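Structure record follows, encoded as structure tokens.
The values are calculated or read from the model by the stated rules, or taken from the named source; none is laboratory data. None of these values were measured; they are calculated from a predicted model. All Cβ positions, even for glycine, are placed from backbone atoms using ideal geometry, and neighbour counts span all protein chains on display. Ligands, DNA and RNA are excluded from the accessible area calculation, which covers all protein heavy atoms including side chains. Shrake-Rupley method; radii C 1.70, N 1.55, O 1.52, S 1.80 Å.
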Amino acid sequence: MATQVATLSDSLRGPVLTPADPGYASVRAEFNAMHDGEPALVASCSGTADVADAVNFARDQGLPVAVRGGGHSVAGLSSIDGGMLIDLASMSGVQVDAERRLAHVQGGALWGDVDRETQAFGLVVPGGVVSDTGVAGLTLGGGYGWVRRKYGLSCDHVVEAQVVTADGRVLTASADSNPDLYWAIRGGGGNFGIVTSFTFDLQPLGPIVGFAAVMYPLEEVADVLRGWRSYVEQAPNEVTSVVVTITFPANPEMPEAVHDRPVAIVGGVYVGDAEEGLAEMQPLRELGTVLFDMSGPTPYAGVQTGFDPLFPRNQLRSYWKSQYLDELSDGAIDTIAAGAQERPAPMILVNTFHMGGAINDVDPEATAFAERSAPYMVSIDGMWSDSADDADNIAWVRATWGDVSKFGTGGVYLNFTGLADEAPTAGVDSAFGRNLRRLEEVKAAYDPDNFFRVNNNIKPA
Ligand SMILES: Cc1cc2nc3c(=O)[nH]c(=O)nc-3n(C[C@H](O)[C@H](O)[C@H](O)COP(=O)(O)OP(=O)(O)OC[C@H]3O[C@@H](n4cnc5c(N)ncnc54)[C@H](O)[C@@H]3O)c2cc1C
């Protein structure tokens, strides 16, 4: 093995690391501390050619492979014990072509990298809400952020991707080249190959946006949700909003009223003039007893980084579950509110997302991402620090998800699907529905041996 590793090292421009190498410890860590893998080999790729060589090497050696873009997989699907980690952290370049309104983004970039470059031009690729999350995993699995109702999913803005397939070929996926692959990577995850770069179309935004963010006492969450529902039911697509329940630690930058205090945060971002947006979203600031109101004209890049400190890498053990809802009935609200008030740990979040708008303008069969009709999603994001709490907290997330699911469509968001003892295929049926069969066929065409299987796995037809 040592000789083969030396050969791989010679061919790659980036380092090849084993646990004995000093650089091994500084490989970009995964988010989920519950899935702290120890790969036998890390290929830290510097570009597409490195990725192709690493894939060929792993395939020829029969090594199982995990691929890490940003490392934020909730399910721990960029970690592996033994085998090879193909790490794209060094491939984080972003280039904006403002005239053509395109951004070229390498496969290991984080959303912070993209926001930094695109916001310099008052443009945006719709991304996630934490700047430390990877572009690749989020986009390949769909991608919901603060502008989703106006601009849709992240995957809806991919116009082209460069993909290294299991046989080591480098393919272009676009409407004109390998259209079946292009269809599949917009929602079907990392099943079909390693995306080494994306080309996204860009939309106008900011750099200052209207941002509403108000903390209410958690005891009022049911009423807050009812008021929020009345507002969002008639809100324009320019407004994207969410209700998050959380308990903040004592932080001197925050008023004492919210120190260690369970709260319901109502957040909203408006695409358009910031002051107009704040006027439009004023009702979100009047839903109950205001403990802390952070609303105001805010740099979009600041909104995107504002919640980062809550999500340090490799510290929180994570198990999340989600469910789409066709309506937010009173019964659903009471169930969500009961769950939110019984959260067993400060960083177990119960979130209610408003969806719809541009997400639903896309035909469910136009891309692999099948959920194009539900106006709401509830996610239960279990996060805690002590491994001794794993069993209880996972059981709590499952039970609460079961209660909420009674009001749901049965559909889940795979990017929010934690894995404890479930197989990596968990949730795949309910996420893809009628698109699953076609995905299995595309998988068979591009990865017949299921070489890329450390993911929300789609089996080859
Ligand atoms: C704190 C936090 C906040 C989040 N916020 C949001 C949010 O606002 N909106 C949202 O939609 N989701 C959000 N997510 C979920 C997120 O979309 C997924 O966790 C996503 O998988 C992360 O992508 P990544 O590249 O960082 O992950 P990784 O852990 O690197 O990868 C995740 C999966 O994608 C595959 N993959 C990664 N890179 C590539 C590549 N270049 N080519 C092929 N396959 C690849 C991996 O093999 C793995 O299966 C959040 C997650 C966390 C932990």
Original post:
Considering only protein heavy atoms and a 1.4 Å probe, what is the carbon-and-sulfur percentage of the accessible area of the range 94-205?
Top reply: 43 percent
**OP:** Using R₀ = 60 Å, calculate the FRET efficiency as 1/(1 + (r/R₀)^6) where r is the Cβ-Cβ separation of Asp60 and Met254; round to 0.05.
**Re:** 0.65
Original post:
Which residues does a label at Ala338 reach in the range 216-231, if reach means a backbone N under 20 Å from a point 7 Å past the Cα toward the Cβ?
Top reply: 218-227
Subject >> J(HN,Hα) series, the range 451-460, from Karplus relation 6.51 cos²θ - 1.76 cosθ + 1.60, nearest Hz, glycine and proline x >> reply: 4, 8, 10, 8, 6, 5, 7, 9, 7, x
Subject >> For Glu160, residues with placed amide H under 5 Å, excluding near neighbours >> reply: Thr199
**OP:** Starting at the first residue of the range 172-186, write each ³J(HN,Hα) from the Karplus equation 6.51 cos²θ - 1.76 cosθ + 1.60 with θ = phi - 60°, in whole Hz, x for Gly and Pro.
**Re:** 9, 10, 7, 4, 9, 10, 6, x, 5, 5, 4, 4, 6, 6, 8
Subject >> Rule-of-thumb Rg ratio for the range 349-398 [Cα; 2.2 N^0.38 Å; N residues] >> reply: 1.63
**OP:** With the full set of protein chains in place, find how many percent of the accessible area of the range 208-416 is carbon and sulfur; take the probe as 1.4 Å.
**Re:** 51 percent
Subject >> Efficiency of FRET between Ala399 and Glu365 - r from beta-carbon atoms, R0 22 angstrom, step 0.05 >> reply: 0.05
Subject >> Shape metrics for the range 141-266, restricted to C-alpha atoms - Rg then Dmax, Å >> reply: 20.4, 58
**OP:** Over the range 2-87, with every protein chain in place, what whole percent of the accessible area is carbon and sulfur at 1.4 Å, could you tell me?
**Re:** 51 percent
Original post:
Is the shape of the range 208-416 best called rounded, prolate or oblate, per the rule: a/c under 1.5 gives rounded, else a/b larger than b/c gives prolate, else oblate, with a ≥ b ≥ c the square roots of the Cα gyration tensor eigenvalues?
Top reply: rounded
Original post:
What Kirkwood hydrodynamic radius do you get for the range 94-205 when you take the inverse of the mean 1/r over all pairs of distinct Cα atoms, in Å?
Top reply: 13.7 Å
Subject >> Kirkwood-type radius of the range 151-225, with distances r between different C-alpha atoms, in Å >> reply: 15.3 Å
**OP:** Could you compute the FRET efficiency for Glu441 and Ser11, with r as their C-beta to C-beta distance and R0 at 45 Å, rounded to 0.05?
**Re:** 0.85
Original post:
Based on the Cα coordinates of the range 253-333, what is the per residue volume of their convex hull in Å³?
Top reply: 177 Å³
Original post:
What are the ³J(HN,Hα) values, in whole Hz, obtained from phi via the Karplus relation 6.51 cos²θ - 1.76 cosθ + 1.60 with θ = phi - 60°, for each residue of the range 408-424 in sequence order, with x given for Gly and Pro?
Top reply: x, 7, x, x, 10, 9, 4, 5, 10, 9, x, 10, 10, 9, 6, 6, x
**OP:** Take peptides 10-23, 202-215, 380-393 and line them up by average Cβ neighbours within 10 Å, highest first, as a rough protection proxy.
**Re:** 202-215, 380-393, 10-23
Original post:
Give or take rounding to whole Å, what are the principal axis extents of the alpha carbon atoms in the chain, in descending order?
Top reply: 67, 53, 43
Subject >> the chain - percent relative contact order, Cα under 8 Å, separation 6 or more >> reply: 16 percent
**OP:** Enter the per residue convex hull volume of the range 306-461, computed from alpha-carbon coordinates, in Å³ rounded to the nearest integer.
**Re:** 137 Å³
Original post:
Stokes-Einstein D for the range 44-151 at 37 °C, 0.692 mPa s, Kirkwood Rh over Cα pairs, in µm²/s?
Top reply: 222 µm²/s
Subject >> Two-decimal Rg to Rh for the range 1-66 - Kirkwood Rh, Cα set >> reply: 0.95
Original post:
Across 5 Å bins from the origin, how do the percents of Cα pairs in the range 315-386 run, short distances first?
Top reply: 3, 15, 21, 19, 15, 13, 9, 4, 0
Subject >> Length released on extending from Glu327 to Lys459, taking residue separation times 0.36 nm less the Cα-Cα span >> reply: 44.3 nm
Subject >> Probe 1.4 Å, accessible area per residue of the chain, Å² >> reply: 37 Å²
